[in-house]
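Participant: Sharing a structure with you now.
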Amino acid sequence: GSVVRMIKSQINTFKNGWFIGDFEPSVVKTANFEVCVKEFKERETESFHYQRVATEITVVILGEVRMGENFLKEGDLLVIYPGEICDFEALTDCKVLGIKFPSMPNDKVLA
């Protein structure tokens, strides 16, 4: 039979919750896309920034957030295209899923 190699890990062992992408450490190293799961405490923020090349998708798993002028709640998602400037604020304790494609770890630019 075939050999199955399962990997068990903890999200907090990866840099800022990013666990798939063209970086180390990662569960799957690929230049095609990046995936993270992040938790934020109420009032935590991220500065205005944009991606030069990558498209970024954020899905709110728990809680409420503001991204730019968009107010998002559990189940909402936001697609941010290259060059679009956005900031982030956790309106409540929250958890988000982030996906970027392609995986370009140095693509983020602070605005």
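What follows is calculated from the coordinates using simple rules that are stated; it is not laboratory data. Computed from a predicted structure; not experimentally measured. Ideal geometry is used to build each Cβ from the backbone, glycine not excepted, and the neighbour counts take in all protein chains shown.
Participant: Mind putting a number on the dipole of the range 3-96 about its Cα centre? Charges go on the C-beta only, +1 for Lys and Arg and -1 for Asp and Glu, and I need it in Debye to the nearest 20.
Facilitator: Dipole of the range 3-96, to the nearest 20 debye: 500 debye.
Participant: Next question. Out of Ala90, Ile80, Val65, whose Cα points farthest toward the positive end of the dipole of the range 40-96 (charges: +1 Lys, Arg; -1 Asp, Glu; placed on Cβ)?
Facilitator: Going by the Cα projections, it comes out as Ile80.
Participant: Name the long-range amide H neighbours of Thr92: under 5 Å, sequence gap of 5 or more, or other chain; modelled H, no Pro or chain starts.
Facilitator: Arg43, Glu64
Participant: Follow-up question, since we're still on this one. Most mobile of Val60, Val79, Val37 per a Gaussian network model of the chain (Cα springs, under 10 Å)?
Facilitator: Val79
Participant: Then there is this: Between Thr13, Thr92, Thr55, where does the largest GNM mean-square fluctuation fall for the chain, given springs only between Cα atoms within less than 10 Å?
Facilitator: Result: Thr13 has the largest fluctuation of those listed.
Participant: Another question, then. Kindly provide the trypsin sites (Lys or Arg not before Pro) of the range 71-111 that DSSP labels as loop, not H, G, I, E or B, and whose Cβ sees at most 14 other Cβ atoms within 10 Å.
Facilitator: Passing both the DSSP loop test and the Cβ count: no residue.
Participant: Roughly how many Å is it from the Cα centre of the range 1-78 to that of the range 90-111, as a whole number?
Facilitator: Cα centroid of the range 1-78 versus Cα centroid of the range 90-111: 6 Å apart.
Participant: Something else now. For the chain, calculate the relative contact order in percent as a whole number, restricting contacts to Cα pairs under 8 Å that are 6 or more residues apart.
Facilitator: 32
Participant: Now for a different question. How large is ³J(HN,Hα) for each residue in the range 17-31, as worked out from phi by the Karplus curve 6.51 cos²θ - 1.76 cosθ + 1.60 (θ = phi - 60°), to whole Hz, x for Gly and Pro?
Facilitator: Coupling constants for the range 17-31: x, 7, 10, 10, x, 8, 7, 10, x, 8, 6, 10, 8, 8, 8 Hz.
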